[in-house]
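*Asks:* Can you read through this structure? Questions will come right after.
The values are calculated or read from the model by the stated rules, or taken from the named source; none is laboratory data. Everything numeric here is computed off the predicted structure, so don't read it as measured data. Cβ: placed from backbone, ideal geometry, glycine included. Neighbour counts: every protein chain shown. When the accessible area is computed, the model is the full protein with side chains, heavy atoms only, and any ligands, DNA or RNA have been set aside. Shrake-Rupley method; radii C 1.70, N 1.55, O 1.52, S 1.80 Å.
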Amino acid sequence: MIRHLDLENLLFLDIETVPANADFSELDDDWKKLWEEKSKYFRERDEISIEDSYERAGIYAEFGKIVCISVGFLRQVKGERRYRTTSFYGDDESQLLQEFANLLNNHYNSRDHMICGHNVKEFDIPFIARRMLVNGIHLPHLLDIAGKKPWEINHLDTMELWKFGDYKNYTSLKVLAKLFGIPTPKDDIDGSQVASVYYEEKDLDRIEVYCRKDVLATAQLVLKYRNEPLIEEHEVQNV
């Protein structure tokens with residue numbers, strides 16, 4: 001199936017998330033109690049304090065927020081392939097989500113368009129949709145999946161494609177990039193460091209670069225799945 005997709009209909013995507021607050025102590029009493037209930041299982045399993053456990057709050061849409069959404073798309077320009085990329089990022093989650101919604105509504109709003117990412121079905125897309133609702137933003141067509149049948153949902157997940165029906169298997173983008181010989185920079189931060197880079201270093205630009213590179217790696221993986229040449233540096237354009 002993936003061999004027959006029109007790559008120009010794909011919007012490659014990745015997000016970066018952080019806890020809603022810098023530290024557990026900043027939560028009000030209600031949120032502290034709610035986090036205590038949410039984190040109970042893995043706190044007991046990993047034998048960590050509730051304060052230390054809060055660094056994981058960023059993976060839950062109820063307790064975290066999005067600080068960056070990076071996207072990429074492939075185009076043929078005068079007979080040559082171009083990979084174009086842009087990011088929506090900042091401290092104002094509502095603003096970046098609205099800007100992303102505008103992109104989907106204006107340019108990715110047909111039945112042929114698809115969102116593509118790694119583990120995007122279980123993490124990125126649900127997180128974005130939930131945070132849009134929290135921020136009072138109407139869901140664009142590609143995210144409004146309520147009542148749709150599975151084959152009507154235009155989400156392409158590179159991790160799911162690698163499973164080949166093996167639903168026990170989880171393989172990271174980093175592992176697949178290494179496996180397929182996809183070049184990845186060695187100066188990236190790790191996903192677990194995003195919260196500290198955001199709250200302590202206050203370096204959103206560094207987070208954006210990291211997010212954008214993951215989107216490119218996802219696009220490269222799709223090309224590998226199709227046995228097509230990788231995107232080269234001169235084909236990349238930031239817009």
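*Asks:* Give just the number: which of (1) touching a strand residue (DSSP E or B) at 6+ places or on another chain (Cβ under 9 Å); (2) of a type outside the set (Gly, Ala, Ser); (3) open to solvent by 50 Å² or more (accessible area, probe 1.4 Å) does Leu156 not satisfy?
*Replies:* Just one mismatch for Leu156, condition (3).
*Asks:* If I go through region 227-239 residue by residue, how many of them are surrounded by 12 or more Cβ atoms within 10 Å (Cβ to Cβ) and either in contact with a helix residue (DSSP H, G or I) (Cβ under 9 Å, 6 or more places away or on another chain) or of a type in the set (Lys, Arg) (or both)?
*Replies:* Summing the residues that are surrounded by 12 or more Cβ atoms within 10 Å (Cβ to Cβ) and either in contact with a helix residue (DSSP H, G or I) (Cβ under 9 Å, 6 or more places away or on another chain) or of a type in the set (Lys, Arg) (or both) in region 227-239 gives 4.
*Asks:* Let me ask something additional. Give region 55-99 a look and list any residue that's open to solvent by 10 Å² or more (accessible area, probe 1.4 Å), free of Cβ contacts under 8 Å to residues at least 40 places away in the same chain and either farther than 14 Å from Ile15 by Cβ or not charged (D, E, K, R) (or both), or say none.
*Replies:* Arg56, Tyr60, Val77, Lys78, Gly79, Phe88, Asp92, Gln95, Gln98
*Asks:* Next question. Collect the residues in region 188-212 that are within 17 Å of Tyr89 (Cα to Cα), open to solvent by less than 60 Å² (accessible area, probe 1.4 Å) and not hydrophobic (A, V, I, L, M, F, W, C), keeping them in residue-number order.
*Replies:* Gly191, Ser196, Tyr198, Tyr199, Asp203, Glu208, Tyr210, Arg212 - these are the residues of region 188-212 that are within 17 Å of Tyr89 (Cα to Cα), open to solvent by less than 60 Å² (accessible area, probe 1.4 Å) and not hydrophobic (A, V, I, L, M, F, W, C).
*Asks:* A further question follows. With within 20 Å of Cys68 (Cα to Cα) and open to solvent by less than 20 Å² (accessible area, probe 1.4 Å) as the only criterion, which of Leu133, Leu142, Leu173 stands out? Spell out the reasoning first.
*Replies:* On the way: Leu133 fails: open to solvent by less than 20 Å² (accessible area, probe 1.4 Å); Leu173 fails: open to solvent by less than 20 Å² (accessible area, probe 1.4 Å).
Only one candidate qualifies: Leu142.
*Asks:* Additional query: Could you please find all residues in region 115-124 being in contact with a His (Cβ under 7 Å, 6 or more places away or on another chain) and in contact (Cβ under 8 Å) with a residue 40 or more places away in the chain?
*Replies:* Ile115, Val120, listed by residue number.
*Asks:* Cβ contacts < 7 Å: first residue closer than 17 Å to Leu10 by Cβ, restricted to region 145-158; second residue in a loop (DSSP other than H, G, I, E, B), any location; separation 6+ or different chain. Result?
*Replies:* Here the result reads Ile153/Ile145; Asn154/His113; Asn154/Leu142; Asp157/Asn119; Thr158/His118, each pair linking region 145-158 to a residue that is in a loop (DSSP other than H, G, I, E, B).
*Asks:* Just give me the residues in region 106-130 being open to solvent by 70 Å² or more (accessible area, probe 1.4 Å) and of a type in the set (S, T, N, Q), in sequence order.
*Replies:* Passing the criteria: Asn106, Asn109.
*Asks:* Now for a different question. Kindly check whether there is at least one residue in region 217-224 that is closer than 20 Å to Ile66 by Cβ, loosely packed, with under 11 Cβ neighbours inside 10 Å and among the polar types (S, T, N, Q). Spell out how you get there, then give the answer.
*Replies:* Initially, region 217-224 is screened for residues closer than 20 Å to Ile66 by Cβ, giving 217-218.
From what is left, the residues that are loosely packed, with under 11 Cβ neighbours inside 10 Å are none.
No, every residue in region 217-224 fails to be closer than 20 Å to Ile66 by Cβ, loosely packed, with under 11 Cβ neighbours inside 10 Å and among the polar types (S, T, N, Q).
*Asks:* Okay, next question. Tell me the residue from Arg81, Arg43 that is closer than 22 Å to Leu216 by Cα and among the basic types (Lys, Arg), please.
*Replies:* Residue meeting the stated conditions: Arg81.
*Asks:* Still on this structure: Are there any pairs, at least 6 apart or on different chains, whose C-beta atoms fall under 6 Å, with the first in region 223-236 and in contact (Cβ under 8 Å) with a residue 12 or more places away in the chain and of a type outside the set (Lys, Arg) and the second part of a helix (DSSP H, G or I) and surrounded by fewer than 15 Cβ atoms within 10 Å (Cβ to Cβ), and if so, which?
*Replies:* Pairs found: Tyr225/Ile2.
*Asks:* Something else about it: Which count do you get for residues in region 69-126 that are of a type in the set (Asp, Glu) and assigned to a strand (DSSP E or B)? Walk me through it before giving the result.
*Replies:* Here is the first cut: in region 69-126, the ones of a type in the set (Asp, Glu) are 80, 91-93, 99, 112, 122, 124.
Retained after the next criterion (residues that are assigned to a strand (DSSP E or B)): 80.
Result for region 69-126: 1.
*Asks:* Filter region 8-37 down to the residues that are surrounded by 14 or more Cβ atoms within 10 Å (Cβ to Cβ), more than 20 Å from Gly191 (Cβ to Cβ) and under 23 Å from the mean Cα position of the chain (by Cα) and list them by number.
*Replies:* Asn9, Leu10, Leu11
*Asks:* Any idea which of Arg82, Arg45 is modelled with pLDDT under 95 and not acidic (Asp, Glu)?
*Replies:* Values: Arg82 fails: modelled with pLDDT under 95.
Exactly one residue qualifies, and that residue is Arg45.
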